[in-house]
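A.B. asks: Below: one structure in structure tokens.
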Amino acid sequence: GAGYVTGIFGKWHLGDEPAYQPDKRGFDEVYIHGGGGIGQTYPGSCGDAPGNSYTNPALLHNGTFELTTGYCTDLFFAQAIRWMDSARKEKKPFFAYITPNVAHTPLDCPEENYKHYTGKLPQNAARFYGMIETLDVNFGRLVRQLASWNIERNTVVLFLGSDNGGTAGVKIFNDGMRGTKGTPYRGGTRVPCFIRWPDRFAGGRDIPTLTAHIDLFPTLVEISGADLNRAIRRQLEGRSLLPLLEGSTASGWDDRFLITHVGRWPRGKTAEARFSGCAIRNSRFALVNNSQLFDIFNDPGESRNVITNHPGTVCDMRAAYEKWWMDIQPFLVNENAVGPAINPFKALFWKQFGGGPTAEDLEVMKPSKTRQGTATTPVF
């Protein structure tokens, strides 16, 4: 919207059926892999092209697979830079959504990067940090490219770095946080976020205000001047971060509750999952699994359960969580959904290149008793 051309480069993971692909969800340029990670396949609508790997992957480019040469992170950034260059030459404002699959499993990085960490770290951690290095190098390349085009100062660069929390690197460094990916503790829900816009924001500032990913869309809407219709505005649950980014204090920033549920409960077990893998936050406290209260100000590592010390806070949090849980029930539309017999990404690949499912593919395609999902963080 607002006259911008839009492109996605990397991971989508929001549905592999044609109706849910990014070209049907607002993107003009699409350069992606399938499923959760390159080469991964699960029953239903979550799978990549057959036999794919991080090096020389088959990538879907505007509806057609391309057989590439190179490492996946390099490929995604290179295509994004080519596309941005074309947009800038045509004097079109652009939104580039670059979503590398690293450091998602499988842990696979170029051998040169792996050697940088061998002998210093365990094998999995060495490959994990080797993957992170490819992201660091390419992000630096992107920022330098913006500068060489002389558009660096008037381009908003937003960096989010995590895979819903730490994974293979947490034993090396986890910033003192409890938990990992797949848990409702801070180690599974807190991610770094850096936003840069030299013409508008002063750099070198840390904004400690409690924010969430749901705030990014309202922020970009305000920055771009997009005009949202009433139906879309009714769905917005986040807040624009622009006042905070421009240096305003958080004194007028009303406190609120942010709710996270890890999800992934067994099919038909929604009620039993009510308080399993959940957390509710305000600016000071976190109530985890309805049984542990942590004072984040004084205990950022969530090591001391103070639930008996703050009964009023716990009561308010439980009431807010209960309302949220009831509100979301009508929207759990995929609880009993039956996925496609053959993953759409694979079917499209075979249509283009020939072939069909192997015995291994057929085994993976068997229905699962567990609903696949990812962490969700709505706001109340």
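A.B. asks: I need a count of the residues in the range 323-341 that are open to solvent by less than 70 Å² (accessible area, probe 1.4 Å) and either more than 25 Å from the chain's Cα centre (by Cα) or closer than 30 Å to Asn282 by Cα (or both).
C.D. replies: Residues that pass the stated criteria total 6.
A.B. asks: If a residue counts only when it is modelled with pLDDT of 95 or more, open to solvent by less than 20 Å² (accessible area, probe 1.4 Å) and acidic (Asp, Glu), which strands (runs of 3 or more DSSP E) contained entirely in the range 191-305 have at least 1 such residues?
C.D. replies: Ranges flagged: 292-295.
A.B. asks: Another question, then. Within the range 180-187, can one find any residue that is outside any loop (DSSP other than H, G, I, E, B) and modelled with pLDDT of 90 or more?
C.D. replies: Yes: one or more hits.
A.B. asks: Collect the residues in the range 38-65 that are within 20 Å of the chain's Cα centre (by Cα) and either among the acidic types (Asp, Glu) or in a loop (DSSP other than H, G, I, E, B) (or both), keeping them in residue-number order.
C.D. replies: Answer for the range 38-65, where residues must be within 20 Å of the chain's Cα centre (by Cα) and either among the acidic types (Asp, Glu) or in a loop (DSSP other than H, G, I, E, B) (or both): Ile38, Gly39, Gln40, Ser45, Asp48, Tyr54.
A.B. asks: Right, another one. For the range 269-302, name all the residues that are touching a residue at least 60 places away in the same chain (Cβ under 8 Å), of a type in the set (S, T, N, Q) and closer than 23 Å to Asp254 by Cβ.
C.D. replies: Scanning the range 269-302 gives Asn282, Ser283.
A.B. asks: Looking at Gly176, Gly182 in this structure, which one is on the phi > 0 side of the Ramachandran plot, surrounded by 14 or more Cβ atoms within 10 Å (Cβ to Cβ) and touching a residue at least 60 places away in the same chain (Cβ under 8 Å)?
C.D. replies: Matching residue, one of Gly176, Gly182: Gly182.
A.B. asks: Then there's this: Could you grab me the full set of residues in the range 1-37 that are part of a helix (DSSP H, G or I) and farther than 17 Å from Phe217 by Cα?
C.D. replies: Within the range 1-37, Pro18, Ala19, Tyr20, Asp23, Lys24 qualify.
A.B. asks: How many residues does the range 24-50 hold that are closer than 30 Å to Arg267 by Cβ, of a type outside the set (Val, Ile, Thr) and touching a residue at least 12 places away in the same chain (Cβ under 8 Å)?
C.D. replies: The total comes to 16.
A.B. asks: Just to check your reading of the model, which residue among Tyr54, Tyr42, Tyr4, Tyr20 is open to solvent by 50 Å² or more (accessible area, probe 1.4 Å) and touching a Gly at 6+ places or on another chain (Cβ under 8 Å)?
C.D. replies: Only one candidate qualifies: Tyr42.
A.B. asks: If we only count helices (runs of 4 or more DSSP H) wholly inside the range 66-173, which ones have 2 or more residues that are touching a residue at least 24 places away in the same chain (Cβ under 8 Å) and buried (at least 17 other Cβ atoms within 10 Å of the Cβ)?
C.D. replies: Correct list: 72-89, 123-148.
A.B. asks: When the range 129-158 is examined, which residues are found to be touching a Cys at 6+ places or on another chain (Cβ under 8 Å) and either of a type in the set (Ser, Thr, Tyr) or within 19 Å of Ile38 (Cα to Cα) (or both)?
C.D. replies: Correct list: Gly130, Met131, Glu133, Thr134.
The values are calculated or read from the model by the stated rules, or taken from the named source; none is laboratory data. Bear in mind the structure is a predicted one, so any value in this text is a computation, not a measurement. Heads up, the Cβs are rebuilt from the backbone with ideal geometry, glycines too, and the neighbour counts pull from every protein chain shown. Ligands, DNA and RNA are excluded from the accessible area calculation, which covers all protein heavy atoms including side chains. Shrake-Rupley method; radii C 1.70, N 1.55, O 1.52, S 1.80 Å.
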